[in-house]
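The values are calculated or read from the model by the stated rules, or taken from the named source; none is laboratory data. Quantities reported herein were computed from a predicted structural model and do not represent experimental measurements. Neighbour counts are summed over all protein chains in view; Cβ atoms, including those assigned to glycine, are modelled from backbone coordinates with ideal geometry. Please note that ligands, DNA and RNA were not included when accessible areas were found on the heavy atoms of the full protein model with its side chains. Shrake-Rupley method; radii C 1.70, N 1.55, O 1.52, S 1.80 Å.
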Amino acid sequence: MSLLVVGLSHRSAPVSVLERASLAQQARAALVHDVLAAEPATEAAVLATCNRIELYADVDKFHAGVAELSTLLARHTGVGLDELTPHLYVHYEDRAVHHLFSVACGLDSMVVGEGQILGQIKDALALGQELHTAGRLLNDLFQQALRVGKRAHSETGIDKAGQSLVTFGLEQLAGDAAVADWAAGKRALVIGAGSMSSLAAATLARAGVAHVAVANRTLERAERLARILAEPGAGHRATASAVEMSAVPDELAAADVVVSCTGATGLVLTAGTVAAALAAKDGAVCPVDADCAEAAPAGVRLALLDLAMPRDVDAAAHRLDGAHLVDIETLAEASADAPMASDVDQVRSIVADEVASFGAAQRAAHITPTVVALRTMAADVVAGEIARLDGRLPGLDDKQRAEITQTVRRVVDKLLHAPTVRVKELAATPGGAGYADALRELFDLDPQAVAAVSRADTRLATENNARESA
């Protein structure tokens, strides 16, 4: 296994760097294509979230792979390599597997135990399958990461160790009050209609807000989310509506709490827009982007939760009287002091077991093509010897020939059974990769025959994994 991970996250880089290093979907596709075009890599996938960007690749050279992946990350994010390098982390082979499994369990998340990362890992795998950049290794790796994450959430109380970013962010806005008490009767504005925004809208509705307005660049998506929120039996009493993005300033003035999470590359809410909304709440007139902070009434009149990366809300809005802004940077600082549940240790134990299991399976799989090639060669030898026997004993009838053929095959199978079973067991142990080479040397197997079995096996496994993910 030659798995390499190069990336950066909220643990290694400041939010200002993460913000600039964010990648849109199209940019992610271009990045993995360029990774495959690079000489050291044969497979590639990218895991990009609001607080991490990681490249996974199967490489044949470690140092060349690190250099190439780092350079490509810098090129595609637009952050200079000299600036990016101090914030990059590198994991290789089993350490790379351990890292992804930990990420899948929420151990490396800003809010420990959050489960949204599983959906993002699934998206990364789907993109790799769609672009045909994820082969057997990355398909196996990401599929097992999803299983490990689900196992951690089902077998432990890791969910209690933390919440989603949405819940954690609302708790920061609510301060000492319970979120339900703080949200009761409020009017909310949700900007964006993606998965995070949809979760925010549903969370606000369950928390007890009176109304949720959804604004999105594509109105149809906002209307769809509003309909879902308004469905009977949704478990809340909130009403919902969809609005155009052009109506955001008016909705902002009517809202008590705002959650924004879009894929915009620029600011969605400037400090001036927020100031104008605050002024409108007080019955004053304030042109958008003007400074209207003077003589504003005391107290928080507009709570803003910015979950986007890069940010949607101007950080300067935090300095406005009457506004309370919580963004990714605020959440990173707050989560550093969050208590860790005792279940975290149990999850770490699960991760360690699963890493060992994955490594053993990969090492065992590495020798399988060699074993198949050996058995194929043995079958060819048997066929050749039976053909020679036919020439020397032409008088054999079909029954005799079949009995002799079956006997010879049984002898060969019995001779090969113990060594092939044992070599698979040995190959699964650490350092067992050399047994495949020894087997090829001992039986003088054709390397091309082994490679052909490996390619066919990889293609079949990739197709099966793609069907399972669909």
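Once the Cβ-Cβ distance between residue 270 and residue 231 is put in as r, and R0 is 51 Å, what FRET efficiency do you end up with, to the nearest 0.05?
Given R0 = 51 Å and the Cβ-Cβ separation, E is 0.90.
Work out, step by step, the length gained on full extension between residue 71 and residue 90: first 0.36 nm times the residue separation, then minus their alpha carbon distance; give nm to one decimal.
5.5 nm
About the Cα centre of the chain, what is the dipole size in debye to 20, counting +1 per Lys and Arg Cβ and -1 per Asp and Glu Cβ, all else neutral?
Dipole of the chain, to the nearest 20 debye: 1360 debye.
Residue 408 to residue 360: FRET efficiency via 1/(1 + (r/R0)^6), r the Cβ-Cβ distance, R0 45 Å, to the nearest 0.05?
The value I calculate is 0.85.
Heavy atoms of the protein only, probe of 1.4 Å, neighbouring chains included. What is the accessible area of residue 389 in Å², nearest 10?
Answer for residue 389: close to 50 Å² accessible.
For residue 178 and residue 210, what is the calculated FRET efficiency with R₀ set at 25 Å and r taken between the beta-carbons, to the nearest 0.05?
Once the sixth-power term is evaluated, E becomes 0.90.
How would 239, 71 line up by accessible area, probe 1.4 Å, largest first?
Listed by decreasing accessible area, they come as 239, 71.
Considering only the other residues whose Cβ falls under 12 Å of the Cβ of residue 350, what net charge follows from Lys and Arg at +1 and Asp and Glu at -1?
My count for the surroundings of residue 350 gives -1.
Can you send over the carbon and sulfur percentage of the accessible area for the chain, probe radius 1.4 Å, protein chains only?
53 percent
Calculate the spin-label point distance for residue 442 paired with residue 24, positioning each point 7 Å from the Cα along the beta-carbon direction, and give it in nanometres.
Modelled inter-label distance: 5.7 nm.
Taking only protein heavy atoms and a 1.4 Å probe, what accessible area per residue, in Å², does the chain have with all protein chains in place?
47 Å²
Please name which of 263, 203, 304 has its Cα lying farthest along the dipole of the chain towards the positive end, using unit charges on Cβ (Lys, Arg +1; Asp, Glu -1) and the Cα centre as origin.
203
Check the chain and count each lysine pair with an alpha-carbon distance under 20 angstrom, considering only pairs eight or more places apart or from different chains.
Summing the qualifying lysine pairs gives 4.
Extending each Cα 7 Å along its Cβ direction at residue 349 and residue 425, get the distance between those two points in nm, one decimal.
Going from the residue 349 label point to the residue 425 one covers 2.7 nm.
Bin by bin, in steps of 20 Å, what percent of the Cα pairs in the chain do you find, going until the bin that has the longest distance?
Reading the bins upward from 0: 21, 44, 22, 10, 3, 0.
Over the heavy atoms of residue 306, what accessible area does a 1.4 Å probe trace out, to the nearest 10 Å²?
Here the accessible area works out near 0 Å².
Report the extension gain between residue 388 and residue 155 in nm, rounded to one decimal, defined as 0.36 nm multiplied by the number of residues separating them, less their alpha carbon distance.
Computed gain between residue 388 and residue 155 is 77.8 nm.
Please report, to one decimal in angstroms, the Kirkwood hydrodynamic radius of the stretch 25-79 built from all distinct Cα-Cα pairs.
The Cα-based Kirkwood calculation yields 11.1 Å.
Give the ranking of 377, 110 by solvent-accessible surface, highest area first, calculated with a 1.4 Å probe.
Sorted by accessible area, descending: 377, 110.
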